[in-house]
Amino acid sequence: MNPILHSQSIKQWAQELGFSYCGIAEAKELTDHAHALERWLNKGMHGSMHYMENHFDLRIDPRKIVPGARSVITLLMNYFPQQVQQTDGPKISKYAYGEDYHEVIRPKLRILLEKIRENIGEVEGRGFVDSAPVLERAWAEESGLGWIGKNGNLITKQQGSFFFISTLITDLPLAYDNPYTKDFCGSCTRCIDACPTQAIHLNKVIDGSKCISYYTIELKDEIIPASMQGKFDDWMFGCDTCQDVCPWNRFSQPHQQAAFSPVGIIQDFNSLEWEQLTEEAFKKVFKLSPLKRSKWRGIMRNLKFIQSESDK
């Protein structure tokens, strides 16, 4: 067993699979992050996302997810597009331009685990893509990939923050990267100042119950609260404002994943064309898209809400 060579091999395989960065940390309890998560939940900042309250012990200790876990492998995949939306229609978060990232990344994690087993030996492990009680950004920081910015996103010094984060937890002992201990946000408050709903607080605290992404994706109510009227800035699905204004994202480079290429409708449709989109057409066009999470009914609700903002 050679942890250093194994780690080097895993990082090489990750790169071959299309991941932009790979970092490795020792599996352990994330005590500091546990306290922060507990305070966040107690303040109700998760809104109606009650699943965030579940499996607290698993969220803070990967060894309870994969018994005998020794290593947490964190992988970043770039999704910054070649071209952002040009239409004057409703805005959609860049991560949702193409296919659902869960379906794109999950098979790659399976392949990576198989490569480890074929080349290193019998290894127990599980891969996760925003689909389990795993603190992905915390593990990315522990793995030396970047720091958690004031907007709550992981920021890399090389390419900013437009990345999907996934994790592979294994019982394989590896060579561990040094945690990222520096914070290069400095005195900048652009994300705080630009947030349309004032969801970003000091000390990297994000009030999820005020975030536009929460209202347009997570909230399943038929009506968006009137208190949010006039604050959505034409965002119909998700929101990139805090990332768009981040100085570090001037280093973002276009992704090379064909699956993340924009669906034509997203680039071309104006508000009227969206309004005329039937449920049947929506299901056909967006069957592989993250937009299906909100369903046609949710998209129409969001569209109606931002249209009512512009009418005033």
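Computed from the coordinates by the stated procedures, all read-outs in this text should not be read as laboratory data. Since this is a predicted model, take the numbers as computed values, not measurements. Counting neighbours? That spans all protein chains shown, and the Cβs are built from the backbone with ideal geometry, glycine included.
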For this session: Binning at 20 Å from 0, report for the chain what percent of all alpha-carbon pair distances ends up in each bin.
Result: 31, 58, 10, 0
For this session: Might you report the magnitude of the Cβ-based charge dipole of the chain about its Cα centre, with Lys and Arg at +1 and Asp and Glu at -1, to the nearest 20 debye?
Result: 80
Exercise. With Cβ to Cβ distances under 10 Å as the rule, what net charge do the other residues near residue 240 carry (K, R +1; D, E -1)?
Worked result: +1
Problem set entry | segment 153-192 residues near the modelled residue 57 label - backbone nitrogen below 12 Å, point 7 Å along Cα→Cβ | none
Seminar exercise, completed: What helix-only [θ] at 222 nm does the chain give? Using -39500 (n - 2.57) per DSSP H run of at least 4, over all residues, to the nearest 500, the answer is -9000 deg cm²/dmol
For this session: May I ask you to derive the relative contact order of the chain, considering only C-alpha pairs under 8 Å and at least 6 residues apart, and to give it as an integer percent?
Result: 25
Exercise. In the chain, what % of DSSP beta bridges are antiparallel (nearest 5)?
Worked result: 90
For this session: Could you go through segment 164-180 in sequence order and give the Karplus-derived ³J(HN,Hα) for each residue, using 6.51 cos²θ - 1.76 cosθ + 1.60 with θ = phi - 60°, rounded to whole Hz, and x for Gly and Pro?
Result: 8, 10, 9, 9, 10, 9, 9, 8, 8, x, 9, 7, 9, 6, 6, x, 7
Exercise. Tell me, which longest segment in the chain has none of the GluC sites (Glu not before Pro) that fall in DSSP loops with at most 13 further Cβ atoms within 10 Å?
Worked result: 123-221
For this session: Just report the Cα centroid separation between segment 115-136 and segment 143-181, whole Å.
Result: 16
For this session: Calculate, in nm to one decimal, what residue 233 and residue 118 gain on full extension: separation in residues at 0.36 nm each, minus their alpha carbon distance.
Result: 36.4 nm
